[in-house]
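Q: Take this structure first; my questions come after.
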Amino acid sequence: MRTKTFFIGITACFAFSWIGLAVLPNGQLGGLGPQIDEEAGEVFPLDINGLVERGRTVYVSQGCVHCHTQVVRDGFNGGELSRQWGVRRTVPRDYIYGSPALGDTRNGPDLANVGARITDAQWHYQHLYDPRSVFPKSFMPSFRHLFSVKKVTGQISEDAVKVTGKYAPAEGMQVVPSPDAKALVAYLLSLDHSYSLQEAPAKKEEAAK
Amino acid sequence: MTGVSSSTDSVSAREAANVERSLVDASLKLPVLTLFGSALFWLMISTVLGVVSSLKLIWPELLSGCAWFTYGRVWPAYTSTLLYGWAIPAGIGVSLWMAARLCRVAVTRQGWIVIGSMLWNAGVAVGLLMILAGKGTGYAWMEYPPVVAALLFVAWLVVSTWTLVIFAKRRPGHVFIAMWYFLAAVVWFPWLILTGYFGVANATGVVQPIIAAWFGGGMMNLFLAATGIGALYYLVPKVTGKPIVSYNLASAAFWSFALFAGWTGLTTLTGGPVPAWIPTVSIAATIMMIVPVAMMTANFALTMKGNFAMVHGSPTIRFAFFGAAAYALCAVLSLIFCLHSVEKIVQFSMVQTGLNHLMVYGFFSMVMFGAMYYIIPRLVGCEWLSSTFIRWHFWGAAYGMGMAIFSMLIGGLAAGAAWLQPEITKEMAIQAGYPYMVGRAISLILLIPAHMVFGLHFLLMILRMGRPAGEPTLLAHGEEAH
């Protein structure tokens, strides 16, 4: 085999998979936009605001993505629906805003619809500050570094986290979330794919038909 | 010159070959030892990071409340340092030396290789700090932010151009199979970095994780595998003293490997928010990979035939044999785990992590250790001091990583199966993997003494405190071809 043939061969082999798995998917999905229902005046998915976008970067930066996925597979491919982690499978259109943090490891539950399951910001703050105060056997790291313990001056802050147990603040002190913690919780609350899309109708609507 | 007997001819030819080999070795001594030394340094760091992160999963209050040491950062710091700090520089050193030996070229201006290696190490150090500071991307094997990838890209060009230079200056003759793999790795790596990082930066939505998964698969199954297989094609015939049995089989294996391996990385997106054809072609490619892997394994086994006893005696062959077996096992397990009925259980579990460890450590790192046991005595001019040290290293690495991988595979199956059954509560499903996480943490701790022994042994060699050159250090009575 001539040297030239060899180099053309290895380049072609590489280019083949690159075109197949990087260029073609980009061509197929790159221009995907939201689903606009003009009659009902609805646009899905909802665009994300600045706070949620900042929360997404906190989510990636804290490495949440290494233990939590944001993928709901259909019933044939996985058990998320029967676990009520969503009302339908997730599809490419769900992720058109911001960089998706799909994740590949599930040391904890899936978060694709955590905003629909848990709507209480205070719960998230408590859970992030001391996960074991909510789930005694949890092995999620605590994110106390996203909070600060401050002296109560005058009235207690309206954001103050109600912490009980081992890490409860001393008398006259309060636990206050940092801007990063607030953004992260805003992001978690925004994670909700319960709306219906043409390519993936939500379960309850299917039942109504 | 009539009357000179042919035996004198062959003696002088052998002497000339020996002189040539020692010139090649001398020209690469500093660059290759620099690469190996820094790789071993990063191996230590990554071992500690691996132990810390696996301990944090079972003991979450360890180093808790500190952003830099939260699990979500220590874990990617571990995997990135293992791949980019240890595995790749070790692979570059091994393939540079083997390429120079195969092409019979003494390298000139080797200072550039040292500079390039330093640049690479700077990239790994900056990358480690940036991940711990929270600048990681969150994509497996692609954790470094783009600025670090740019640094590594430049460093790669500086160092690995030399493999191409060596090839261009090769003495006329047969181009060995090992050389094909090294050349392919040299060409594929910069492409992978460029297309991967530019692809993710310019794509939107789920195309980003698709390209990242393609990149990760390419990094493992295309680039890393090519370097490790190349080293095996060098070591097995060299140490046994027999040529590779079938050239045609090796050629067919190479081209089918090159064709399929790049497609294998996206099986983990099955059922996810991507068009179904993407994981489907990836599953097909993973199944097809059995063909080249079977051909390679058959070729190695037939070449080893009659010499399997060397696994007991030769440190190089013992490590290389373990690596080759791990590679074949990895291909078979990847096939089983990507089939639909199994994939739905293991998709997001520790099984994937276990397979990655089988690839990076069980296969690649073990082959690199074997190659280092072969190369370093030839560079420093003395033999390994102690066969006991080598034995400790081997058993520590084999048991430590072997049990860690076993824990991840079984634990992943247990936890994955629990998640699939809605009647098992979330708390119980999470707990299902817990005993295996304990097993993994304990197993990984075994690697610390194993790597420390090897590091110490390496230092002794650098200081020329080994046994006098001559007979190689063997683990049992036996012999190695030179």
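The values are calculated or read from the model by the stated rules, or taken from the named source; none is laboratory data. Because the structure is predicted, anything quoted here is derived from the model rather than measured. Every residue, glycine as well, gets a Cβ built from its backbone with ideal geometry; the counts of neighbours run over all protein chains shown.
Q: If I go through region B:98-129 residue by residue, how many of them are part of a helix (DSSP H, G or I) and crowded, with 20+ Cβ neighbours inside 10 Å?
A: 15
Q: So, one more: Would you confirm whether any residue within region A:41-59 is over 12 Å from the mean Cα position of the chain (by Cα), at pLDDT below 90, within 7 Å of chain B (Cβ to nearest Cβ) and under 19 Å from B:Pro209 (Cβ atoms)?
A: no
Q: Looking only at region B:278-297, count every residue that is touching a helix residue (DSSP H, G or I) at 6+ places or on another chain (Cβ under 7 Å), more than 10 Å from chain A (Cβ to nearest Cβ) and either farther than 18 Å from B:Cys338 by Cα or in a helix (DSSP H, G or I) (or both) and tell me the total.
A: So the answer is 11.
Q: If a residue has to be over 23 Å from B:Gln431 (Cα atoms), in contact with a Gly (Cβ under 9 Å, 6 or more places away or on another chain) and buried (at least 16 other Cβ atoms within 10 Å of the Cβ) to count, how many in region A:101-153 make the cut?
A: Count: 4.
Q: I'd like the residue in region A:43-62 that is assigned to a helix (DSSP H, G or I) and among the polar types (S, T, N, Q) and, out of all such residues, is surrounded by the fewest Cβ atoms within 10 Å (Cβ to Cβ).
A: Per the criteria, the residue is A:Thr57.
Q: Mind checking which helices (runs of 4 or more DSSP H) fall wholly inside region B:352-445 and carry at least 2 residues that are more than 14 Å from chain A (Cβ to nearest Cβ) and of a type outside the set (Val, Ile, Thr)?
A: Helices (runs of 4 or more DSSP H) meeting the threshold: B:366-380, B:387-420.
Q: All but one of (1) under 30 Å from A:Leu102 (Cα atoms); (2) within 13 Å of another protein chain (Cβ to nearest Cβ); (3) surrounded by 18 or more Cβ atoms within 10 Å (Cβ to Cβ) hold for B:Ala184, so report the exception by its number.
A: With respect to (1) under 30 Å from A:Leu102 (Cα atoms); (2) within 13 Å of another protein chain (Cβ to nearest Cβ); (3) surrounded by 18 or more Cβ atoms within 10 Å (Cβ to Cβ), B:Ala184 is out only on (1).
Q: Here's something else I'd like to know. Quickly run through region B:324-343 and pick out the residues that are touching a helix residue (DSSP H, G or I) at 6+ places or on another chain (Cβ under 7 Å) and small (Gly, Ala, Ser).
A: B:Ala324, B:Ala326, B:Ala328, B:Ala331, B:Ser334
Q: For A:Gly79, indicate whether it is in a loop (DSSP other than H, G, I, E, B), at negative phi and more than 8 Å from every other protein chain (Cβ to nearest Cβ).
A: So A:Gly79 fails the test.
Q: Of the residues B:Thr204, B:Thr163, only one is more than 11 Å from every other protein chain (Cβ to nearest Cβ) and polar (S, T, N, Q); which?
A: Unique residue meeting the criteria: B:Thr163.
Q: Give me a count of the residues in region B:245-277 that are crowded, with 20+ Cβ neighbours inside 10 Å and in a loop (DSSP other than H, G, I, E, B).
A: 5
Q: Hey, could you check region B:225-234 for residues that are of a type in the set (A, V, I, L, M, F, W, C) and either in contact with a Phe, Trp or Tyr (Cβ under 6 Å, 6 or more places away or on another chain) or part of a loop (DSSP other than H, G, I, E, B) (or both) and say which is surrounded by the fewest Cβ atoms within 10 Å (Cβ to Cβ)?
A: In this case the residue turns out to be B:Ala226.
Q: Please state which of the following conditions B:Leu30 fails to meet, knowing it meets all the rest: (1) touching a residue at least 12 places away in the same chain (Cβ under 8 Å); (2) more than 29 Å from B:Arg170 (Cβ to Cβ).
A: Failed condition: (2).
Q: While we're looking at this one, here's another question. List the residue pairs whose Cβ atoms are under 8 Å apart, where the first residue sits in region A:13-35 and is more than 8 Å from every other protein chain (Cβ to nearest Cβ), the second is in a helix (DSSP H, G or I) and at pLDDT below 95, and the two are 6 or more positions apart or on different chains.
A: Pairs found: A:Pro34/A:Arg93; A:Gln35/A:Arg93.
Q: Looking at (1) within 8 Å of chain B (Cβ to nearest Cβ); (2) under 18 Å from the mean Cα position of the chain (by Cα); (3) part of a loop (DSSP other than H, G, I, E, B), which one does A:Val65 not meet, given that it meets all the others?
A: (3)
Q: What is the one condition in (1) at the interface with chain B (Cβ under 10 Å from one of its Cβ atoms); (2) surrounded by fewer than 22 Cβ atoms within 10 Å (Cβ to Cβ); (3) not in a loop (DSSP other than H, G, I, E, B) that A:Asp94 does not satisfy?
A: Result: A:Asp94 passes all but (2).
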